[in-house]
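The structure appears below as structure tokens.
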Amino acid sequence: MLSYPHFPDLRDEQLAADHPITAGLRQLTLNWASPIHVDAEKNQGRRVTELLHSSVESWASGGLDMVPDFRAWPQTGFAVSGERGPRTLAVAVEGRFDSFFKGKDSPLAGEPAAEPEDGKEKEAPAPITGVIERSPDSARLVLVGANTFASDAALNLVSQGLGTFYTQPTVFVQNAVDWSLEDRGLLAIRGRAQFARTLAPMERSDQLFWEYLNYGLALLGLFAVWLWRQRVRRADQRRYQAILAEV
């Protein structure tokens, strides 16, 4: 598989090990992810937890060209722009959230009543004039910097590259739902589920080392088989000569 920076492969310390959503994932791939910037001042009364972050070698790009050019940039396929460093890709926020309509009229108050289909007048329902100005203090919000990472198209694309059905994004979404509903029992059960064990990324030198080692072990095995066959052949010849000598 070719390296594609727009599909960050998150593993180990890049996933929050102490949060129920990501504690049992071990690996997650996002597609065309965007970094998330959290305003600390606006979230002073809330608990913000970083769930996912990219590697220290990652960078942010504003380019719209998604096709890599490995001739121009053999290592990454894209021009590196800006400063390298980890970027936040998903956060979980707990606390109270103020409504966008706080201090405003209800957007449903001025809606016209629907005309009856049969031409008969019906009693119009009372207009909704109340506005929910804020959420409970126990409200929870999960924000991911990739809006299609769990879509069918993204899952099929990654599954084709791995050669197996890739379900980690759906597990992430299920964990987020269970965490939002405070159902930690299902989180513990799902953490022991089977998942696609993707290989750890390696440098080019490490890949060559293991590749040549496989070739060497194969040749060594063939040489060992040849030596064994030679020994068996000589033993057979000695046995045949002994039989002929007795005759």
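Points worth noting:
- Of the numbered criteria (1) crowded, with 17+ Cβ neighbours inside 10 Å; (2) free of Cβ contacts under 8 Å to residues at least 60 places away in the same chain; (3) of a type in the set (S, T, Y), the one S106 fails is (1).
- Count - residues of the stretch 166-189 that are modelled with pLDDT of 85 or more and farther than 17 Å from P8 by Cα: 9
- Selection count where residues are in a loop (DSSP other than H, G, I, E, B) and of a type in the set (D, E), scope the stretch 91-108: 1
- Yes/no for A109 being at pLDDT 80 or above and either within 21 Å of L10 (Cβ to Cβ) or more than 41 Å from the chain's Cα centre (by Cα) (or both): no
- Residue within the stretch 200-208 that is modelled with pLDDT of 85 or more and hydrophobic (A, V, I, L, M, F, W, C) present: yes
- Matching option when the condition is at positive phi and either exposed (fewer than 10 other Cβ atoms within 10 Å of the Cβ) or not assigned by TED's automatic domain parsing to the domain that holds L143 (or both), among D39, D65, D12: D12
- Residue within the stretch 51-63 that is in contact (Cβ under 8 Å) with a residue 12 or more places away in the chain and more than 26 Å from Q27 (Cβ to Cβ) present: yes
The values are calculated or read from the model by the stated rules, or taken from the named source; none is laboratory data. Keep in mind that what you see is a predicted model, and the values were worked out from it rather than measured. Note that each Cβ is placed from the backbone with ideal geometry, even for glycine, and that neighbours are counted across all protein chains shown.
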